[in-house]
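Asks: Sharing a structure, written as structure tokens. Questions coming.
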Amino acid sequence: MKRILSVFICLFISFTHQGWAATGAPEIKADSYLLVDFHSGVQLAEKNPDKRIEPASITKLMTAYVIYQELEKGSISLDDNVLISEKAWKMEGSRMFVEAGKKVPLNRMIKGLIVQSGNDAAIALAEHISGNEASFVEKMNQIAKEMGLNSTNFANPTGWPDPNHYTTARDIVTLTRQVIREYPEEYKLHSLKEYSYNGIKQYNRNKLLWRDPTVDGVKTGHTESAGYCLVASAARNDMRLISVILGAETEKSRADYSQELLEFGFRLYETHKLYDKGSVLADARVWKGNKSTVPAGIMEDFYVTVEKGHYNQLKGLMELDGSLDAPIKRGDVVGTAIIKDGETIVNQVPLLALDAVDPGGFWSKVTDSVKKLFN
């Protein structure tokens, strides 16, 4: 059984507005789209966000994520020289024009992957990291599973069309948030407008990098079957938005639609950090332990995104599990922190035990068993 504690934070004021989502989202002619706040994860606009689609070269966002992980582990280095196989050299589609048999510094290959969207770079990097493409794809899918991308499956590191190669707008947003959150320095590469290799200058296909100085990424994609796709991110003041457009008709329309979504979000919404990570938000009752309570809070910063002008009209409450028995480990879920606008839940996160509680002695177990019956 759960008990609702009337813990109202002083900055929140209850009000009667029924629902906070603003209307007037732009009309977008694409198979699927999604607009999400980076910090809070709140969804602001959508169409078929869970529809399985072909991601085309947006796939390379996961390819890059795997590379960033391997760099962090130390299994590869930016100083590595990547041997270009004949398979990589023969890749069709977008390329950075590496030559078979030559060795290219890994840091240059990464720029060719991200800025030039090189299919040849993707294959060469996959072979360098895992020995062959198939093993690298296994790594991609394992990471996707760990990340909770439940509607995603990769068949290659390039985005080349394949019946078993698919994802969703929602999964793309999740992946993008992880890249930006975990690898902020590496993410800066996604804002590069151009890159030259082998005497050939190529421009980033994300046209928003020229239109809007607040846009700093992230990746385009296009095949005949997938249409024109773009995942974009922009940061203004303390707010960052991520938009995904999948299956637009033209290169121009995918950029236009992305810009419209971002403007819609920044114009009508605002994001605030409510609590810092490590904040204690309540004390949870613990039965049969060496302590009767455990501090309950959050281990990550807690943000909320609301319609502009509604921030001072929110209310917060802590919903705690009233039947917690020791032992309790640090990080165990002991309740939920809920932020509401009227009767609408704006955002919620699990409340976690910020300390451990060991089992109590015989007498505390007996007395707590009796007290719990009457709680």
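Asks: Averaged per residue, what accessible surface does segment 72-207 expose to a 1.4 Å probe, in Å²?
Replies: Accessible area per residue: 47 Å².
Asks: Using only Cα atoms, what Kirkwood radius does segment 208-313 have, in angstroms?
Replies: Numbers: mean 1/r = 0.0593 Å⁻¹.
For segment 208-313, inverting the mean 1/r across all distinct Cα pairs yields 16.9 Å.
Asks: What order do you get for 254-262, 103-111 when each peptide is scored by the mean count of other beta carbon atoms within 10 Å, highest first? Intermediate results must be reported in sequence, preceding the final value.
Replies: On the way: 254-262: 23.8, 103-111: 18.9.
Put in order of decreasing packing, that is 254-262, 103-111.
Asks: Would you kindly work out the equivalent ellipsoid of the chain from its C-alpha gyration tensor and give its semi-axes, the square roots of five times the eigenvalues, largest first in whole Å?
Replies: On the way: eigenvalues 393, 141, 53 Å².
Over the Cα atoms of the chain, the semi-axes work out to 44, 27, 16 Å.
Asks: Please compute the Kirkwood hydrodynamic radius of segment 123-207 from all pairs of different C-alpha atoms, in Å with one decimal.
Replies: Over segment 123-207, the inverse of the mean reciprocal pair distance is 14.7 Å.
Asks: How charged is the neighbourhood of L324? Take every other residue with its Cβ under 9 Å from the Cβ of L324, and add Lys/Arg as +1 and Asp/Glu as -1.
Replies: -2
Asks: For the chain, with only Lys/Arg (+1) and Asp/Glu (-1) charged at the beta-carbon, what is the dipole magnitude about the Cα centre, in debye rounded to 20?
Replies: Numbers: 45 positive and 48 negative charges, 88 e Å.
Approximately 420 debye in magnitude.
Asks: For every other residue with a beta carbon closer than 15 angstrom to the beta carbon of D256, add +1 if it is Lys or Arg and -1 if Asp or Glu, then tell me the sum.
Replies: 0
Asks: Over all distinct Cα pairs, what is the inverse of the mean 1/r for segment 231-375, reported as the Kirkwood hydrodynamic radius in Å?
Replies: 18.2 Å
Asks: Sum up the charges of everything whose Cβ sits under 14 Å from the Cβ of G24, counting Lys and Arg as +1 and Asp and Glu as -1, but leave G24 out.
Replies: Combined, the nearby Lys, Arg, Asp and Glu give -2.
Asks: How much length is gained on full extension from A134 to V280, taking 0.36 nm per residue of separation minus their Cα-Cα distance?
Replies: Working: separation 146, 0.36 × 146 = 52.56 nm, distance 4.61 nm.
So the chain would gain 47.9 nm between A134 and V280.
Asks: Reachable lysines from K207, Cα under 23 Å, same-chain residues fewer than 8 places away excluded?
Replies: Partners within reach: K29, K47, K60, K111, K188, K193, K219, K252.
Asks: May I ask for log10 I(q)/I(0) of segment 39-133 at q = 0.20 Å⁻¹, from a Debye sum over the Cα atoms as equal point scatterers with solvent left out?
Replies: For the requested q values the scattering log ratios are -0.91.
Asks: On to the next question. Using a Gaussian network for the chain with springs between C-alpha atoms less than 10 Å apart, which of these wobbles most: D171, D37, D276?
Replies: Largest GNM mean-square fluctuation: D276.
Asks: How do 190-200, 336-346 rank on mean C-beta neighbours within 10 Å, highest first?
Replies: Numbers: 190-200: 14.6, 336-346: 17.8.
Ranking, from highest mean packing down: 336-346, 190-200.
The values are calculated or read from the model by the stated rules, or taken from the named source; none is laboratory data. Because the structure is predicted, anything quoted here is derived from the model rather than measured. When we count neighbours, we look across all protein chains shown, and the Cβ atoms used for this are built from the backbone with ideal geometry, even at glycine. Side chains are part of the model used for accessible areas, which takes the heavy atoms of the whole protein and leaves out ligands, DNA and RNA. Shrake-Rupley method; radii C 1.70, N 1.55, O 1.52, S 1.80 Å.
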